[in-house]
Structures are given as structure tokens and as C-alpha cells.
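A.B. asks: Dumping the structure here so I can ask a few things about it.
Just so it is clear, none of the values below were taken in a lab; they were calculated from the coordinates. Nothing here was measured: the structure is a model prediction, and the numbers come from that model. Because the Cβ atoms are built from the backbone with ideal geometry, glycine has one as well, and the counts that use them run over all protein chains shown.
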């Protein structure tokens with residue numbers, strides 16, 4: 001069993017980016033398997049539960065996670081749950097890994113991988129909408145793949161944006177400021193990240209400069225939207241998985257309903273770009289958009305990696321004779 005703190009110690013961001021890149025290579029080769037996640041959203045509950053089974057890296061995995069957006073106001077992570085790792089040879093349960101930490105690390109790692117492949121090489125002006133845990137994680141992750149020159153952060157709670165800007169300035173040594181509006185964060189940025197729990201668009205396509213790269217992360221259910229129709233229509237769209245975005249992304253589905261884009265607007269999956277099956281960005285003035293919904297194989301790959309490191313380092317709590 002591996003705790004939140006142990007996962008953070010075992011999975012530095014640079015290693016996490018390499019881990020998710022390898023699992024996307026498996027996806028491209030057809031060596032990873034995952035159905036669409038199952039979501040339970042009781043009308044009387046303020047949260048939801050998602051079940052995300054998968055097979056990759058020679059193992060079976062199951063992420064069971066509850067998402068409670070209001071947890072941020074309580075000072076705890078909105079994502080609560082566990083990633084279970086099972087032997088691919090015997091089916092034995094090998095590890096129970098804190099899902100909050102896995103999600104907090106692998107999500108920005110995937111966004112950073114996409115940015116490394118899709119953003120212009122010189123991109124380094126970063127605008128972030130959302131100053132929660134994922135906002136912080138994305139800033140650190142993007143700093144691994146791009147030399148950040150300037151950082152602007154917007155949040156509905158100004159104090160949270162100010163605190164994060166101050167921490168990132170101290171940690172990364174780059175100019176960082178909290179701004180008054182989302183538009184202030186986005187205009188002029190060549191890297192944009194949206195990590196909010198909004199149900200209405202927070203990013204407008206009119207604000208995006210030519211050549212920008214956008215990672216849209218926060219809206220992961222059909223009830224949430226971060227992008228207006230114009231933002232989707234102006235962009236070359238890449239998905240972590242076509243089936244997921246066509247079933248679950250309100251950002252994409254609303255653009256389809258509005259007639260702003262046609263079905264099939266997704267240019268490629270990230271796995272195709274990772275293995276060179278799709279070239280990704282083809283012109284410096286393109287606006288590229290990576291829509292991330294989160295895949296079960298990402299969780300399994302990260303959990304499997306920390307399990308193997310824990311075995312070598314003797315970290316974690318053993319529960320013997322579990323069966």
C-alpha cells in the first residue's frame with residue numbers, strides 16, 4: 001500500500017512524463033486496453049464516482065475515484081480514491097496506490113508531453129486558468145518541457161492565484177503574477193492551460209494568439225465546459241482518446257451542436273503523435289488544442305511504476321495474506 005506522500009516521493013515529474021510517454025507508445029501499438037469509464041453521479045450527491053479499468057504494461061489496473069469539486073474549499077484534493085494494480089500473470093492484487101497523488105502527477109505529465117510535441121519550440125509565455133493543485137502541477141510540468149519566460153495565473157479566488165504566483169516565482173525564478181481576469185492571463189500567451197471545474201466557458205477563442213498551444217484539462221464530464229465554441233473551432237484538435245472526447249467532452253460536443261465544427265474535427269490522438277504516425281503541429285501559426293479527459297492506462301502506468309520503485313526501495317506498507 002502506497003500513501004499520498006510516498007507516491008509523490010517516488011514519481012518526480014520528469015520521470016512521470018517518461019512513464020506516460022511509454023504507455024502512449026503501448027496504446028499506439030494496440031498493446032493497451034481500456035473501456036470507457038463508468039461514472040456514477042447520484043442526483044442527491046455533491047460528487048461522483050468513476051471506475052476506470054485497464055490493461056497495460058503487462059498488468060491489469062482499476063482506478064476507483066470520487067470527485068468532489070467542493071473539496072478545494074475544505075483544503076483537500078477533489079480527487080479521492082485508489083489505483084489497484086493486479087498481476088497480469090495471476091490476477092493477484094499487488095498494490096493499492098493513492099489515486100489523489102497519481103492523478104495530481106500523471107495529469108500534468110500528459111499535458112506536458114502534449115505541449116512538448118505540439119507547442120512551438122520557443123513557446124514559454126504561460127497563462128494558467130485555475131490555481132488549484134492541478135494548476136500548480138501543470139506549471140511545474142510545463143517547466144520541465146519548455147523554458148518558461150513569464151507566468152500569469154487567474155483564479156476566481158484572487159488570494160489563491162497570488163499565493164501560487166509567489167510560490168512559482170520563488171521556485172522557478174521566473175516573472176509570475178496573478179491577474180484580474182482570465183483574458184489577462186491568456187492574451188499574448190503561447191502556452192495556455194485551463195484547469196477549472198467550470199460549467200461555463202472560461203476561455204474564449206478570440207483571446208488566443210496565432211501559434212498558441214492550449215491544454216484543456218479541467219472539464220472532464222459532459223456537464224463541464226471550459227472552452228467556448230470559437231476556441232474549439234479555431235484550433236487543430238488533438239485528443240488523448242477519440243472515443244472519450246466524442247462521448248464525454250462538452251467542449252467538443254457543444255461545438256458540434258453549434259455547427260462550428262464537423263464530426264471528425266479531432267485531428268489525431270496523442271498516441272499517434274508520440275509514435276510519429278501524425279506530425280502534430282505543421283505550421284508555427286496554428287493554434288493547437290490538446291483536450292485531456294484522462295485515461296485509465298495513464299493511472300495504471302504511473303501506479304505500476306511507483307509499485308516497482310517501492311519494491312526496490314523497500315517503501316510502503318505490506319499487507320500479507322490479503323486473500
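A.B. asks: Considering only DSSP beta bridges whose two residues both sit in segment 56-188, what percent are antiparallel, to the nearest 5?
C.D. replies: On the way: 15 of 23 bridges.
Here the share of antiparallel DSSP bridges comes out near 65 percent.
A.B. asks: Given the convex hull over the Cα atoms of segment 108-294, what projected area results after averaging over all orientations, in nm²? List each step's numbers first, then the result.
C.D. replies: On the way: hull surface 36.5 nm².
Its Cα hull, projected and averaged over all orientations, spans 9.1 nm².
A.B. asks: Pop the C-beta distance of residue 44 and residue 199 into the FRET formula with R0 = 22 Å and round what comes out to the nearest 0.05.
C.D. replies: Step by step, r from the Cβ atoms, then E = 0.75.
A.B. asks: Could I ask something else about it? Out of (i) 23, 42, 25, 8, 1, 0; (ii) 34, 60, 7; (iii) 23, 33, 8, 16, 17, 2, which label holds the value of P(r) over Cα pairs in 20 Å bins from 0, in percent that was computed here?
C.D. replies: (ii)
A.B. asks: Mind checking the full-extension length gain between residue 174 and residue 278? Use 0.36 nm per residue of separation minus the Cα-Cα distance, one decimal, nm.
C.D. replies: Details: separation 104, 0.36 × 104 = 37.44 nm, distance 3.34 nm.
Extra length from residue 174 to residue 278 when fully extended: 34.1 nm.
A.B. asks: Shifting gears a bit: May I ask you to compute the full-extension gain from residue 317 to residue 51, defined as 0.36 nm times their residue separation minus their alpha-carbon distance, rounded to one decimal in nm?
C.D. replies: Answer, rounded to one decimal: 93.3 nm.
A.B. asks: Running a GNM on the chain with Cα contacts under 10 Å, which residue among 113, 164, 223 ends up with the highest mean-square fluctuation?
C.D. replies: Comparing 113, 164, 223 in a Gaussian network model of the chain, the most mobile one is 223.
A.B. asks: Moving on. Counting only C-alpha contacts under 8 Å and six or more residues apart, can you give the relative contact order of segment 108-294 as a whole percent?
C.D. replies: In percent, rounded to a whole number, it is 22.
A.B. asks: Remind me, what semi-axes does segment 204-253 give for its equivalent ellipsoid, largest first in whole Å, using sqrt of 5 times each Cα gyration tensor eigenvalue?
C.D. replies: Details: eigenvalues 70, 28, 15 Å².
Over the Cα atoms of segment 204-253, the semi-axes work out to 19, 12, 9 Å.
A.B. asks: OK, next. Residue separation times 0.36 nm, minus the C-alpha to C-alpha distance between residue 93 and residue 150: what's the value?
C.D. replies: Taking residue 93 through residue 150 to full extension adds about 16.0 nm, to one decimal.
A.B. asks: Below 8 Å between Cα atoms, with a sequence gap of 6+, how large is the relative contact order for segment 222-323 in percent?
C.D. replies: 32 percent
A.B. asks: Summing -39500 (n - 2.57) over the DSSP H runs of n ≥ 4 in the chain and dividing by its residue number, what mean residue ellipticity at 222 nm do you reach, to the nearest 500 deg cm²/dmol?
C.D. replies: The helix-only estimate for the chain comes to -11500 deg cm²/dmol at 222 nm.
A.B. asks: Please figure out what share of the DSSP beta bridges in the chain is antiparallel and state it in percent, rounded to the nearest 5.
C.D. replies: Counting only bridges with both partners in the chain, antiparallel ones make up about 50 percent.
A.B. asks: Additional query: When DSSP assigns beta bridges and you keep just the ones with both residues in segment 108-294, what percent turn out antiparallel, to the nearest 5?
C.D. replies: Close to 0 percent.
A.B. asks: Would you list 181, 107 from fewest to most Cβ contacts within 10 Å?
C.D. replies: Fewest-to-most ranking of 181, 107: 181, 107.
A.B. asks: Can you list the residues of segment 288-323 with backbone N under 20 Å from a point 7 Å past the Cα of residue 5, pointing along Cα to Cβ?
C.D. replies: Correct set: 306-307, 309-319.
A.B. asks: Let me have the relative contact order for the chain, percent, based on Cα pairs under 8 Å that are six or more residues apart.
C.D. replies: Numbers: 724 pairs, mean separation 63.9, N = 323.
Taking the mean separation of contacting Cα pairs over the length of the chain, I get 20 percent.
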